[in-house]
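The values are calculated or read from the model by the stated rules, or taken from the named source; none is laboratory data. Bear in mind the structure is a predicted one, so any value in this text is a computation, not a measurement. We place every Cβ from the backbone using ideal geometry, glycine too, and count neighbours over all the protein chains shown. Ligands, DNA and RNA are stripped out before the accessible areas are found, and what is left, the full protein with its side chains, is counted by its heavy atoms. Shrake-Rupley method; radii C 1.70, N 1.55, O 1.52, S 1.80 Å.
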Amino acid sequence: MRLPLTDANDLSSIDIEATKAMVDTFMQRGFTYFDTAYPYHNGHSEAAFRQAVAERYPREAFTVTSKMPCWLIDSEADMERIFTEQLQRCGVDYFDYYWLHALNHDYYSRMQRVDGFGFIARKKAEGKIRHIGFSFHSDSQLLTHILDEHPEAEFVQLQINYVDWDSPSIEAGTCYDICQQRGKPVIVMEPVKGGSLARVPEAAERLFRTHAPQASAASWAIRYAASLPGVMVVLSGMSNQQQIDDNTAVMQDFQPLTAREQAIVAQAGHIINDSIAIPCTACHYCTEGCPQQICIPEYFELYNKAFQFGDDKQVGNSRMYYNVLAKSHSRASECIQCGQCEEHCPQGIDIIDSLQFVAKTFE
């Protein structure tokens, strides 16, 4: 969902040649797992997977995951149509893994109504899916309820990183423990929290560098997630060759965090949590269908930079980039408070209020 682009303002403008080069490095180093979904990159991610992977490598050389977009489903016919389209987009005859996407209270109720779990179980029986599960963005009580009602789920995809572990809204640690208790392997998403843990405040950076001068901040986040027992895969949305090189280097010769390193990460997490104004991961779920076409994640990133590194120069730089973005998108103050963005936000952010903070800062 964070592939390289030829136009930074157009998520659908995937740079296929750069993506192919990244795929080649990834696979040459022994990695095989690719994660895509129906809405990523404005609906172009699955086709990019086909072009970069499925059309260039034998089927046995890779594994691929996609997901049923629960918010678009009103009937079994919708599921059948979208699933068939996804197979065609990805250029495969079956998915190695297939999830119900981003389950929360609303989407789970919808999937119960249309028998979403039954649908993916039938596709598994038909040989069109090898393994089934769900990705999850809600509270631990709902996770317990889903796993009690659907023990057939083989895996759970959770947002886990060291700043969200004790978060009362994400409940990463509690949700992880629930999966551990039920013997469900975990696929970790957002280990670097949308890239925000790749560039950390100076105090946290000093902690990391003092202990391991050559290790990137992102590598600490990847190792944190991968050190957890019961984690099967750690997903990282890599956007360039440098990120591919860094992440694969960490995982090719993986070393779990030591007790001393766990303490360093915990201390860094406190520093970072104190500095994050808006906990956005730039997943862009909020922008699909925004009637005002406000580039919400990009505005939040600029606001966070102004807040985290809050000298006058950084505020001025952020304001300059804000004004550039506002030439091709609506300004934050043009939000009509319809609330569709908050309905789709996996982080539970008060987006409407946060846009008002952005407007006050930059306008």
Item to complete: For ALA266, indicate whether it is in a helix (DSSP H, G or I) and free of Cβ contacts under 8 Å to residues at least 60 places away in the same chain.
Response: no
Worksheet entry | Selection status of CYS345, closer than 19 Å to ASP106 by Cβ and in contact with a His (Cβ under 9 Å, 6 or more places away or on another chain) | yes
Worksheet item: How many residues are of a type outside the set (A, V, I, L, M) and open to solvent by less than 10 Å² (accessible area, probe 1.4 Å) when one looks only at the range 76-106?
Response: 7
Worksheet item: Tell me, which helices (runs of 4 or more DSSP H) lie completely within the range 1-49 with 2 or more residues that are more than 21 Å from VAL92 (Cβ to Cβ)?
Response: 16-28
Worksheet item: For the range 320-342, which residues satisfy the criterion of being open to solvent by less than 30 Å² (accessible area, probe 1.4 Å) and among the aliphatic types (A, V, I, L, M)?
Response: LEU325, ALA326, ALA332
Worksheet, complete the sentence: Flagged pairs (Cβ under 6 angstrom, 6 or more apart or on separate chains; first in the range 235-252, in a loop (DSSP other than H, G, I, E, B); second among the hydroxyl-bearing types (Ser, Thr, Tyr)) are none
Worksheet item: Name the pairs whose Cβ atoms lie under 7 Å apart, with the first residue in the range 343-363 and open to solvent by 60 Å² or more (accessible area, probe 1.4 Å), the second modelled with pLDDT under 90 and not in a loop (DSSP other than H, G, I, E, B), and 6 or more positions between them or separate chains?
Response: PHE357/TYR303
Worksheet item: Which ones in the range 15-25 are in contact (Cβ under 8 Å) with a residue 60 or more places away in the chain and open to solvent by 30 Å² or more (accessible area, probe 1.4 Å)?
Response: ALA18, ALA21
Worksheet item: Any residue at all in the range 52-60 that is surrounded by fewer than 17 Cβ atoms within 10 Å (Cβ to Cβ), modelled with pLDDT of 95 or more, in contact with an Asp or Glu (Cβ under 8 Å, 6 or more places away or on another chain) and of a type in the set (Ser, Thr, Tyr)?
Response: no
Worksheet item: Limited to the range 200-211, what total is found for residues that are without any contact (Cβ under 8 Å) to a residue 40 or more places away in the chain and open to solvent by less than 30 Å² (accessible area, probe 1.4 Å)?
Response: 0
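Yes or no, residue by residue, for (1) assigned to a loop (DSSP other than H, G, I, E, B); (2) touching a helix residue (DSSP H, G or I) at 6+ places or on another chain (Cβ under 6 Å):
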position	(1), (2)
GLN157	no, no
TYR162	yes, yes
TRP165	yes, yes
PRO168	yes, no
TYR176	no, no
ARG199	yes, no
ARG206	no, no
THR210	no, no
